[in-house]
Each structure stands twice: as structure tokens, then as C-alpha cells.
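Visitor: My questions will all concern the structure given below.
The values are calculated or read from the model by the stated rules, or taken from the named source; none is laboratory data. This one's a predicted model, so the numbers in the text were calculated from it and none came from an experiment. Because the Cβ atoms are built from the backbone with ideal geometry, glycine has one as well, and the counts that use them run over all protein chains shown. Note: accessible area is taken over every heavy atom of the protein model, side chains too, but ligands, DNA and RNA are not part of it. Shrake-Rupley method; radii C 1.70, N 1.55, O 1.52, S 1.80 Å.
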Amino acid sequence: MRDPRYDILFEPVRIGPVVAKNRFFQVPHCNGMGHQMPLAHAAMREAKAEGGWAVISTEECEIHPSSDLTPYVEARLWDDRDIPALSLMADKVHAFGALAAIELSHNGPTASNLYSREVLLAPSHQPSKYGYPAQARAMDKADIRAYRQWHRDAAVRGMRAGMDIVYVYAAHDLSLPMHFLQRRRNQRTDEYGGSLENRVRLLREVLQDTKEAVGHRCGVALRFATDEFLGPGGVELAEARDIVAMLAELPDLWDVNVAAWYNDSVPSRFAPEGAQEPFIDFVKKATSKPVVGVGRFTSPDTMVSQVRRGVVDFIGAARPSIADPFLPRKIEEGRFDDIRECIGCNICITGDNTITPIRCTQNPSMGEEWRKGWHPERIAPRASDARVLVVGGGPAGLEAARALGQRGHEVALAEASKELGGRVSREARLPGLAEWGRVRDWRLGQIRKLPNVSTYLDSTMSAQDVLDFGARHVVLATGCRWRRDGYGRSNGLGIPGLAEHPAVFTPDDLMDGRLPTGTVAVFDDDYFYYATVAAEALAKAGCRVVFITPDDTPASWGAYTLEYRHVRKRLAALGVEIRVSTNITGFAGRTLVLEDVWSDATSTLDVDALLTVTARLPNDELFHALKAREAEWADAGIQSVDCIGDALAPGLIAHAVYAGHRYAQELGEAKTGEVPFKRHFHTARETDLLDGP
Ligand code: ADP
Ligand code: SF4
């Protein structure tokens, strides 16, 4: 039952004409499903409403074809035909007593209009933000009037869709009211440019318009970024204080954060829980209206502290609500150790950025609520009384054991080493990745509560051991290892001299505590986090680090996780020397042979050691040994042997957790060979739904 210390989190809070039942507020977040997958989107939001969040918001919602965000998939309210898709979500959210909120946005020069082919709009003539080779044109007074009308119309449509809260968006450098605030985007000389009063004018007008249009039924929220960290060209804290003072009582709710998105949703490697407090704590002192703020809050004590100290009224969350849609209910029920804490890896954000449905490392059901019918808390009871042997206690094996145990199976988890967690435990020891240990910790906590799951450490399983064990189903989650022969994307034949060279290291060496010394080249042919983390670890251990990559920029995939800029700054601060567009073609003695990937020019570099981050090999020897003895399975009582996670194909931790969960979900189901999930088709029925009345 609820601990009275947390009662304050469950107080209702008024937002204009509506009342939120508690202080848990799922702020707008993108999800890669948006208007193209409305059923999947609604089911994802529904899970959070069921989990106790008082307010559930959409992602940003395009209000007009001149703010078309294609290829990104967000919400859309261009006309009445978009209403039913959003009603789906509002209805599902209301069924659990939550309020639905919609974040209206016209992105001006930060839109694309690639689908609509409209000319981009902006306060002044300027290049489009996202590198599309076109400029936005300066809006004249008629454009401003038209924009205000579009926003008003969208607000009314949002209300008709069943939304209880309508946002005016002035954050993330993504919407016209914010663009008018920014000196770098607004060089107007009329009453909408120049002085702060003038630059705030449009935001004030849109807030007033929205209140007039829907304020009788809907709370009107303002999402406002207090700092862009760009100096005088952007919104700065000092000016933000004045803006908040000028508009203090106008919105019914202040949702405050920092911009751009990469400064707002910072990965845990670069920012701890509650990092935005110094930039938003002034807002509540300037207004009597409720304030929501974010900070990747997962600790109930931190949440209470935020409210008691007068920093926020609402605990805003995107990522914590993705990792654990049931976070509020767990706090309410006093089930603190059941909270599945976000690890701050930002894999969820790669959904939006790669234009694919949202995924989460910690919560494998995220994005699968509709298409696979997965629930973040419930799972169907076992279909048989089969015993299952799980080999390998990394994220795949732990999640398989946990979810199989939850289904009621008798499970044995055998792990070769003396600790559970596999790669998660190993990677969590690297600089900045400590929070990744939460993937292990949550699963261990759950497994400890399941009397039907037994874990065996220090238990390397051979094929004979598995046959002798006598489980009906065997799942191998034995992980993978880094290659040291240079094989990878750029060197399909490996790199001559590496395999036998004594001064070649891999991330496995680093995680085992074997670090090179002196001048070390880190070779990144992987393009995500490992190589930059290795460079950081080595630089911190006193090495001179030269980061070499055949790619044109280091850690390019980190752009999808919003890590990229933070990584570049950190490597720069650590004095890591970076050589891009450079391949390694040989290593003999101390001499690396380098090749410019564009000119083919070669050069040499003398180093004490080379750390390669190129590709991995599955640890699938046990799987193949068992396959070779398939004739003996029946006598041993074995019906199936499966290989999952990194042992099948090395990937992200998110892939491993998903693989473990999927195995547990599907055990006992007939393999039909059909597409294993529901798809959105624009069939006659769905078109009717989307076309509306
Ligand atoms: P994944 O990411 O797929 O879960 P990990 O590499 O994190 O993979 O975890 C694999 C785990 O399997 C490691 O902890 C490793 O010690 C363990 N393991 C590997 N081979 C065996 C084996 N033959 N018997 C038991 N455990 C094993
Ligand atoms: Fe948190 Fe990572 Fe899940 Fe995103 S993907 S919610 S950052 S655990």
C-alpha cells in the first residue's frame, strides 16, 4: 500500500477547466508511429494511462500542410479527417481516468514540407534547419494571420478529438512561436521583431487565440524552452525569465525544459537525473499556474523533493514512462523495487529518428502493445508445465528467465561466470554507463521473487551438461565476443597483421580490465558508442588516444540517440585526436598503415597499441554442438533448442532483451510461418476510420 511519504504525488492538480488526478504527467514524446499507425499509437498511450499517469500527451502534431514533417511520422491535424485517429487515443486514455493532451505545432523553418511541397515559412528569410537545400520565406502579416487561424482550427479539432489539454509549443527550436523569440531566426523590423515585447507577441497571441477557441473546455499548456545554450542568438536564461514574467498567468500550465532536443533528452552518459532543475526552477516562483518539468525521474524520493521544494507541480516524464508505463501505479502501491528504471540509453529516441516504431531497452513491450498484444506488466500463463533451461545470464537470458518465470514455468538459469548481467554488467563498468546496470538489476529483483526460477552461477554448460539436465526446452543466450582480426564493414577480408599482433586489444579486453598504455589508436568501424566509450576510458587512464574511423565522422549512429554532440564535446575535452575517412590496412611492429578512404593515399602512424571496434562473433559453439547431437534430444527429454540474443546475431542490449522476451512470449505457440505481428493496412475499413465523418 501507499507510503504516506508519497501522498503528495497523488494529489489532484487543476489545469484550467480540467483536473489531473495526480502529479504524474507524460509529456509529449515522439514514437515513430504517429499518424501512420494510429492503432499502435493509441495502444501505446493506453498502456501508460492504465499504469496511472494522470496526463498522457501526443507527440508534436502538425497543424497544416505547410508544417509537414515528412519523412518523420508525428501526429497530424491538417483537417477534420485527422480527428478520428486522435480520438482513438483520447478514448483509450479516458477509459483509465487520465487526461489526453495534444501538442500543436507549426514548425516553420524546421519543418520539411517534402510531402506537401509547400514553401517553408519563417519569421525572416533563412535556410531550412535540417539541411534540405531550400530556404524558408519570411512571413508577412497575412501569413501570420493565416498561421494563427490554422492553430485555432487545430485546437478546436483537438478538442473535438477528445483532448483535454491543448499545447502551444515554443520549445526544442521546433515551432514558430519559438522561432519568433530567437534573434537568429527573427530579424523582422515590424511589431513582431526587435524588442523582446515584439518577439513575444506571436506567442502571446497564439496563447490568447487558443484560450478563446478551447479554453472553456480544455486546459491550455505552454511548452517553453528556457535556454538553448547558444548565446544571444538563441533563447537565453536571462531573457527566458523576462518571458515567463510577461506571460506568467496566461497559460493554464507551464511545461518547461531546455532546447534543443539533444539538450533536453540527454543520455545518462552525459547527464544525471534532474539535470534541468537549475534552468527551470525559477518558473514556479513567477506564476501561480502549475509547472511540469522533466529530468528522467525514476526515484520517488527525488520526485517528492521536486514538488516539496517548489521546483515543479507535475513530474514530467517521457523516457521514464516508456521504460515503465506503470511507474505511478507502482509508487502508489508501494512496489518501489518493481519500478523498471530508464537507463538513459536513448534507444527509444532512435525510433523517431530512424522513422520506425519506438523501441525501449528496458521495456520490450514498448511499441508492441497493439501489433503483438504485449503488455508491460502482464503475460499469458504458461501453456504447458515444461521445464526450461536458460543458458547465459546476460540481458537476453535474464529477460527470458524472468518472463518465463512470470508465465509460471519451472526455469533454471545457468551462467558460466560468477555474476549475472553478461554484457550489461561488463559495459556498466565503463565510463558513464553505470546506469545500464539497471537492465540487470530490475530483472534480478523480479527473478528473486519467483520461486520457480533457480539461478546457477559458475556453471559453464557443455552440450553433455545440457543433455544431462533434462529440460524440455533449452534456450541459449551465450552472448558474443569482439573480433580482433579487423574484419568489419570496411575490411571484409580483415586487416593483415592484426590477428596475431600482441598489441591488439578489443572492448572485451577493456571490460576485463586489460588496458593498453602509451599511445593507443582506437579503430572504429562500428559507428556507435563502444569506440567513443573506449577512447574515453583510455584517455582517462592516461593514454594518448588517436581515434581513427573510415566513416566521415566519429560515432555517426550516435546522432540517432542524440549522443553525437555530447560525444564530440567530450572527446574534444579529453584531447582525443580524431582522424576520419581513414582506414587501417596493416599493423606491424609499432606501425599502423593508414589509408584515406577517398584519395587512397597511404600514411603511417606509430602507436603502442591498437584497440579495434569492428564486429563481433556469436558464442554459438554450444548451439552447434547441440545441433550436432539432435538425435539424442528425444532421449534426453528435449523438445527444442533455441539460440537468442547476441549468440544468434550480436546487436544492441535492446535487441537482446527483446529476444529474451519474445522467446518467453512465444514458447508453446505453434510456429506458423506467418508474419508474426499485426500490420497497419490502409484497408477499406481503416481508410474509413481515418477519413472520418
Ligand atoms: P546477450 O546480450 O545475448 O544476453 P551476453 O553476452 O550479455 O549476451 O551474455 C551472455 C552470458 O552467457 C555471459 O554472461 C556468459 O558468461 C554466459 N555464457 C556463455 N557461454 C556459456 C555457457 N556455455 N554456459 C553458461 N553460461 C554461458
Ligand atoms: Fe530509457 Fe533507454 Fe528505454 Fe529510452 S530506450 S526509455 S532511454 S531505457
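Visitor: Mind telling me which of the residues Arg340, Arg329, Arg335, Arg359 ends up being among the basic types (Lys, Arg) and within 16 Å of His655 (Cα to Cα)?
Guide: Just a single option satisfies the conditions, and that option is Arg359.
Visitor: Still on this structure, please answer the following. Please determine whether any residue of the range 339-348 is more than 8 Å from ligand 2 (Cβ to nearest atom) and at positive phi.
Guide: Taking every residue of the range 339-348 in turn, none turns out to be more than 8 Å from ligand 2 (Cβ to nearest atom) and at positive phi.
Visitor: Those residues that are in contact (Cβ under 8 Å) with a residue 24 or more places away in the chain and either part of a helix (DSSP H, G or I) or among the basic types (Lys, Arg) (or both), I need them from the range 268-299; list them, please.
Guide: Arg269, Glu277, Phe279, Ile280, Val283, Lys284, Lys285, Ala286, Lys289, Arg296
Visitor: Please enumerate the residues belonging to the range 331-367 that are open to solvent by less than 10 Å² (accessible area, probe 1.4 Å) and within 16 Å of ligand 1 (Cβ to nearest atom).
Guide: Ile343, Thr361, Gln362
Visitor: Among what's in the range 606-621 and is among the aliphatic types (A, V, I, L, M) and not in a strand (DSSP E or B), pick the residue that is surrounded by the fewest Cβ atoms within 10 Å (Cβ to Cβ).
Guide: Per the stated criteria, the residue is Ala615.
Visitor: Now a separate question. Determine if the range 519-539 includes at least one residue that is open to solvent by less than 10 Å² (accessible area, probe 1.4 Å), within 28 Å of Ala260 (Cα to Cα), touching a Ser or Thr at 6+ places or on another chain (Cβ under 6 Å) and part of a strand (DSSP E or B).
Guide: Within the range 519-539 (the criterion being open to solvent by less than 10 Å² (accessible area, probe 1.4 Å), within 28 Å of Ala260 (Cα to Cα), touching a Ser or Thr at 6+ places or on another chain (Cβ under 6 Å) and part of a strand (DSSP E or B)), the answer is yes, since at least one residue qualifies.
Visitor: How many residues does the range 121-147 contain that are crowded, with 17+ Cβ neighbours inside 10 Å and assigned to a strand (DSSP E or B)?
Guide: Total satisfying the criteria: 4.
Visitor: Among the residues of the range 578-605 satisfying the criterion of being outside any loop (DSSP other than H, G, I, E, B) and open to solvent by 60 Å² or more (accessible area, probe 1.4 Å), which is farthest from Pro357 (Cα to Cα)?
Guide: Here the residue is Ala588.
Matching residues to (1) surrounded by fewer than 23 Cβ atoms within 10 Å (Cβ to Cβ); (2) in the same structural domain as Leu648 (by TED's automatic domain parsing); (3) touching a residue at least 12 places away in the same chain (Cβ under 8 Å):
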site	(1), (2), (3)
Glu435	yes, yes, yes
Tyr456	yes, yes, yes
Gln464	yes, yes, no
Val475	no, yes, yes
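Visitor: Still on this structure, I have one more. Taking Ala111 and the conditions (1) more than 29 Å from Ile56 (Cα to Cα); (2) modelled with pLDDT of 95 or more; (3) small (Gly, Ala, Ser), which numbered condition does it fall short on, given that it satisfies the others?
Guide: (1)
Visitor: Now for a separate question. Out of the range 368-399, which residues are hydrophobic (A, V, I, L, M, F, W, C), within 16 Å of ligand 1 (Cβ to nearest atom) and out of contact with any strand residue (DSSP E or B) (no Cβ under 8 Å at 6 or more places or on another chain)?
Guide: Ala396
Visitor: Of the residues Arg565, Arg544, which is of a type in the set (D, E, K, R), open to solvent by 30 Å² or more (accessible area, probe 1.4 Å) and in contact (Cβ under 8 Å) with a residue 40 or more places away in the chain?
Guide: Every option except Arg565 fails the conditions.
Visitor: Let me ask another. Test Thr189 against the criterion of being surrounded by fewer than 24 Cβ atoms within 10 Å (Cβ to Cβ) and among the hydroxyl-bearing types (Ser, Thr, Tyr), and give yes or no.
Guide: Yes.
Visitor: Answer with yes or no whether His624 is outside the structural domain of Thr506 (by TED's automatic domain parsing), more than 16 Å from ligand 2 (Cβ to nearest atom) and either at pLDDT below 95 or open to solvent by 60 Å² or more (accessible area, probe 1.4 Å) (or both).
Guide: So His624 fits the description; yes.
Visitor: Something else about it: Do you know which of the residues in the range 33-53 that are surrounded by fewer than 24 Cβ atoms within 10 Å (Cβ to Cβ) and assigned to a loop (DSSP other than H, G, I, E, B) is farthest from the chain's Cα centre (by Cα)?
Guide: If we take residues in the range 33-53 being surrounded by fewer than 24 Cβ atoms within 10 Å (Cβ to Cβ) and assigned to a loop (DSSP other than H, G, I, E, B), then Gly52 is farthest from the chain's Cα centre (by Cα).
Visitor: Turning to a different aspect of this structure: Of the numbered conditions (1) away from ligand 1 (no atom under 11 Å from the Cβ); (2) small (Gly, Ala, Ser); (3) surrounded by fewer than 21 Cβ atoms within 10 Å (Cβ to Cβ), Gly486 satisfies every one except a single condition; which is it?
Guide: For Gly486, the exception is condition (3).
Visitor: Output the residues belonging to the range 310-332 that are more than 23 Å from Ala43 (Cβ to Cβ) and acidic (Asp, Glu).
Guide: Scanning the range 310-332 gives a single hit, Asp313.
Visitor: In addition: If you take the residues in the range 307-318 that are free of Cβ contacts under 8 Å to residues at least 60 places away in the same chain and open to solvent by 10 Å² or more (accessible area, probe 1.4 Å), which one is farthest from ligand 2 (Cβ to nearest atom)?
Guide: Among them, the one singled out is Gly310.
Visitor: Still on this structure: For the subset of the range 70-120 comprising residues that are in a helix (DSSP H, G or I) and among the hydroxyl-bearing types (Ser, Thr, Tyr), which member is farthest from Ala47 (Cα to Cα)?
Guide: The selected residue is Thr110.
Visitor: Moving to a separate point now. When Ser425 is evaluated against the numbered criteria (1) more than 30 Å from Gly542 (Cβ to Cβ); (2) more than 16 Å from ligand 2 (Cβ to nearest atom); (3) crowded, with 19+ Cβ neighbours inside 10 Å, which criterion, by number, is the only one it fails?
Guide: (1)
Visitor: Pairs under 7 Å by beta carbon, first residue farther than 15 Å from Phe297 by Cβ in the range 332-348, partner not in a loop (DSSP other than H, G, I, E, B), six or more apart or different chains?
Guide: Going by the 7 Å Cβ cut-off, the qualifying pairs are Glu332/Phe10; Asp337/Gly445; Asp338/Lys330; Cys345/Trp436; Ile347/Ala654; Cys348/Arg319; Cys348/Ile322.
Visitor: Could you go through the range 163-174 and let me know if any residue there is surrounded by fewer than 24 Cβ atoms within 10 Å (Cβ to Cβ) and not in a loop (DSSP other than H, G, I, E, B).
Guide: no
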